[in-house]
Amino acid sequence: STRNQEIGAGNHRFLYIGGLHRSGTSTVFRCLREHPLISGFNDTGATEEEGQHLQSVYAPATAYGGPGRFGFHPGAHLTEASDLVTADNKLRLFEEWKAYWDLSKPVLLEKSPPNLIRARFLQELFPNTYFVIVTRHPIAVSYATQKWSYTSLDELIEHWLVCHERFRQDEEHLKRLLVLRYEDFVEQPQTALGKIYSFLNLPDHSNPIEVREDANELYLNLWRTGQDGPLSEDHIDTDRIKSQFERRVAAFGYSLDV
């Protein structure tokens, strides 16, 4: 239909990256943006080039408390049932984002951490959509987010769980999804990127990237010594947190027993 051509939905594939703040979404985004057939936001002036800050259709994570907090708010979770799913909003979102995309490229890339719990909504607006969801160890994510959320480590681990459990329920509604473990990505970045290119039916593209393989270690060591944070003198009761959350964390292939 003309309307589809109007919004470019017929000509493009949309690639959305999601995953909690500090899960590695920005690094994956920057790597993918280098592919000659992918256009991702650059020099927009927005925090980490995130599309959530470059549109007026839905509220960004900051409206719900920001990193480490937003997932606790029921309003942050968007699906195809949202009142925001309208033909006008579909057009408006594309209009607002297309200013930052090179529309001559077949794949249009957008990254915002809350896409983790908004994928069904985005899929409804742009049916030709692919999702890459990045997961990272909840201990690393929680310590790394603390400086923004000012909340306790056990609250942050619970936030990680609430968001990933919500995503897991949404997952069965998504048509094209690739879940990437940050730990696998840093171990073999080129292999991980190759999987994403093939998921998108794109030719391989090698770009030299520097990633720190041991990025989780600092945080896992803090946890092992029961320290509340890199600069904190406080100690936490890791045994209590383990007994509270280990079973739920294990469902995602991670463990608090490190």
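The values are calculated or read from the model by the stated rules, or taken from the named source; none is laboratory data. In this text the structure is predicted, and so the values were computed from the model without any measurement. A quick note on method: Cβ atoms are made from the backbone with ideal geometry, for glycine too, and the neighbour counts reach across all protein chains shown. Areas reflect the complete protein model, heavy atoms only, side chains present, ligands, DNA and RNA absent. Shrake-Rupley method; radii C 1.70, N 1.55, O 1.52, S 1.80 Å.
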In square angstrom, rounded to the nearest 10, how much accessible surface does R240 have for a 1.4 Å probe? 100 Å²
Would you calculate the separation in nanometres between label points at E210 and S255, each defined as 7 Å from the Cα along the Cα-to-beta-carbon direction? 3.4 nm
So, relative contact order of the chain in percent, Cα under 8 Å, 6 or more apart, is 23 percent
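To two decimal places, what compactness ratio does the range 14-164 give when its Cα radius of gyration is scaled by 2.2 N^0.38 Å?
Dividing the Cα radius of gyration by 2.2 N^0.38 Å gives 1.01.
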Check cross-link reach from K111 to the aspartates and glutamates: straight Cα distance under 16 Å, and skip same-chain residues fewer than eight apart. E34, D43, E48, E49, E50, E96, D102
Inter-part gap, Cα centre of the range 8-66 to Cα centre of the range 127-149, in whole angstrom, is 13 Å
On a 32 Å Cα-Cα criterion, which of the cross-link pairs K147/K175; K175/K242; K90/K147; K90/K242; K105/K175 come out too long? K147/K175; K175/K242; K90/K147; K90/K242
Nearest 5 is fine: what % of DSSP beta bridges in the chain come out antiparallel, could you say? 5 percent
Roughly how many Å² of S243 are accessible to a 1.4 Å probe, to the nearest 10? 100 Å²
Gap separating the Cα centres of the range 214-233 and the range 173-202, nearest whole Å: 28 Å
DSSP H helices in the chain with Cα extent of 18 Å or more along the helix axis and mean Kyte-Doolittle hydropathy at least -1.0? 153-171
Percent relative contact order for the range 116-258, counting Cα pairs under 8 Å at least six residues apart, stands at 26 percent
The chain - mean residue ellipticity at 222 nm from DSSP helices (-39,500 (n - 2.57) per run, n ≥ 4, rounded to 500): -11500 deg cm²/dmol
Work out the FRET efficiency for N11 and T191 from their Cβ-Cβ distance, taking R0 = 22 Å, and round it to the nearest 0.05. 0.15
Pick from L103, L84, L231: which is most flexible by mean-square fluctuation in a GNM of the chain where alpha carbon atoms under 10 Å apart are linked? L231
Mean-square fluctuation check for the chain, GNM, Cα pairs under 10 Å: which of Q52, Q169, Q123 is largest? Q169
Which whole-number percent gives the relative contact order of the range 19-95, counting Cα pairs below 8 Å spaced six or more residues apart? 20 percent
